[in-house]
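Worksheet for the structure shown next.
Values quoted throughout were computed directly from the atomic coordinates according to the rules given, and no laboratory measurement underlies them. Note that the structure is a prediction, hence the values are computed from the model and not measured. Counting neighbours? That spans all protein chains shown, and the Cβs are built from the backbone with ideal geometry, glycine included.
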Amino acid sequence: AQTVTQSQPEMSVQEAETVTLSCTYDTSENNYYLFWYKQPPSRQMILVIRQEAYKQQNATENRFSVNFQKAAKSFSLKISDSQLGDTAMYFCAFMKPRMNYGGSQGNLIFGKGTKLSVKP
Amino acid sequence: DAGVIQSPRHEVTEMGQEVTLRCKPISGHDYLFWYRQTMMRGLELLIYFNNNVPIDDSGMPEDRFSAKMPNASFSTLKIQPSEPRDSAVYFCASSPGLATDTQYFGPGTRLTVL
């Protein structure tokens with residue numbers, strides 16, 4: 001079974017600085033997808049970024065980028081120029097491609113989350 | 001386009017009562033997921049549907065939980081009878097029909113069972 005580990009329960013960063021959140025996962029699959037979701041105090045789960053395992057190039061979305069190390073099974077999130085609005089819980093998630101029928105494929109498996117506080 | 005809609009946003013009930021949570025997925029999405037979030041267990045999948053058909057309900061904790069999807073635009077998660085340990089935030093998510101598609105989450109329902 002796949003597992004996702006986020007080893008940093010809480011982190012803080014000063015506004016405008018850069019912070020990196022760690023995520024490791026365990027799988028025997030070769031083809032899969034990785035996600036970072038953000039959950040602000042409003043509780044809404046918001047997709048931040050996604051990475052396909054077959055792509056060597058790291059995904060980027062504006063101030064958010066990932067460092068995907070497939071051999072090491074590591075998927076860290078870097079937030080540049082941190083803003084107060086980035087304060088939230090951040091969840092790393094793993095997904096196998098969904099098949100046409102049955103099974104657990106296509107389900108998101110989440111880590112326990114990292115609580116990020118951006119300080120003014 | 002509206003996102004995933006869940007109702008109610010908050011529900012407080014007493015132990016033993018029936019609770020029904022509702023979800024409207026994004027129009028055109030073929031997959032619908034129900035997740036539960038607790039401090040102890042984090043986010044875990046309860047059940048998911050494909051084209052209104054339940055595909056994997058292995059995450060449903062026990063027979064007190066049931067989920068239905070009578071049509072493409074509506075799903076319910078029912079707990080009968082409810083217990084204090086069911087207190088959690090319940091999320092609904094939907095996804096388009098491709099194998100690689102991202103799941104989009106609703107705002108969640110915070111359930112408190114007294």
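Bridgeable lysines around A:Lys73 (alpha carbons under 24 Å apart, same-chain partners fewer than 8 residues away excluded): A:Lys38, A:Lys55, A:Lys96, A:Lys112, A:Lys115. Applying 1/(1 + (r/R0)^6) with R0 = 41 Å to the Cβ-Cβ distance of B:Val12 and A:Gln56 gives a FRET efficiency near 0.25. Taking every alpha-carbon pair under 8 Å whose residues sit at least 6 apart, chain B reaches a relative contact order of 37 percent.
Full extension of the chain segment joining B:Asn71 with B:Ser87 gains 3.0 nm, where the gain is 0.36 nm per residue of separation less the Cα-Cα distance. Alpha carbon centre of the stretch A:24-79 versus the stretch B:11-62: separation in Å? Going from one Cα centre to the other spans 24 Å. The calculated Kirkwood hydrodynamic radius for chain B is 14.0 Å, given to one decimal from all distinct C-alpha pairs.
Remark: mean inter-chain Cβ contacts per residue of A:41-51 equal 4, using a 10 Å Cβ-Cβ cutoff to other protein chain atoms. So what is the diffusion coefficient of the protein assembly as shown in µm² per second by Stokes-Einstein at 25 °C and 0.890 mPa s, using a Kirkwood Rh over Cα pairs? It diffuses with D of about 134 µm²/s by this estimate.
In loop segments of the stretch A:19-71 as defined by DSSP, the chymotrypsin sites (Phe, Trp or Tyr not before Pro) with at most 14 further C-beta atoms inside 10 Å of their C-beta are A:Tyr54. The local environment of A:Ala16, defined by Cβ-Cβ distances under 12 Å, has a net charge of -2 under the rule Lys, Arg +1 and Asp, Glu -1.
Tell me the volume per residue, in Å³, of the convex hull enclosing the alpha carbons of chain A.
So the per-residue hull volume is 104 Å³.
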